[in-house]
Amino acid sequence: MIRIYTDGSCLGNPGAGGWAAVIVDEQNYREEIFGGAEHTTNNRMELTAAIRALEKISAGASVELFTDSNYLKNAFTNGWLVKWKANGWRTATKSPVLNQDLWQELDALISTRTVKFNWVKGHAGNYFNERCDELAHSTAQKFQRGVLKDHIERGTETPPPTPEKILPRGQLSLFDL
């Protein structure tokens, strides 16, 4: 089974943000991916990390996804996503669901993979969660300092995440941007 660890970070909320994922395959090869945005929210970064990681996994695969985001986990384990879709992308209070665009992307990816969501406590010593936090936070800092820049495509209100830096299978990041 493939294991994915994800995290998002935001300096200010909204503010400069980063996301990261560590993907560990059945042979214990590890790949780290990350990216971010100049102006975003923590929840958008948490969702983006899961989306970008799942995009790297073939349809039909079995995945265990580990996150410190209850927002992400509970949407699937507590049936929030099913209810939002049934209510026309509205919450129980009839408010529009925030981050609907990302939820729809994630829903499409989940529908073609078997994904088990697991919550891990953040900043509690889980090696891969800590690594994701380090990558996401560092990327957010680079956006905040202006070292990295977004580019707005498709005229969206919130810019899409920048393309991630993809590492060869098993290579550890030196994070040398």
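A short reminder: the numbers here are calculations on the coordinates, not readings from a lab. Keep in mind that this is a model prediction, so the values were computed, not measured. Every residue, glycine as well, gets a Cβ built from its backbone with ideal geometry; the counts of neighbours run over all protein chains shown.
At the listed q of 0.24 Å⁻¹, the Debye profile of the stretch 51-154, built from one uniform point per Cα, gives log10 I(q)/I(0) equal to -1.27. Ordering 127, 29, 5, 71 from the fewest to the most neighbouring beta carbons within 10 Å gives 127, 29, 71, 5. Dividing the convex hull volume of the alpha-carbon atoms in the stretch 108-150 by its residue count gives 110 Å³ per residue.
Placing unit charges on the Cβ atoms only, positive for Lys and Arg and negative for Asp and Glu, gives the stretch 2-145 a dipole magnitude near 460 debye about its Cα centre. In a reduced charge model with +1 at each Lys and Arg Cβ and -1 at each Asp and Glu Cβ, the stretch 1-84 shows a dipole moment near 260 debye about its Cα centre. Site pair residue 59 and residue 145 shows an inter-label distance of 4.2 nm when each label is modelled 7 Å from Cα along Cα→Cβ.
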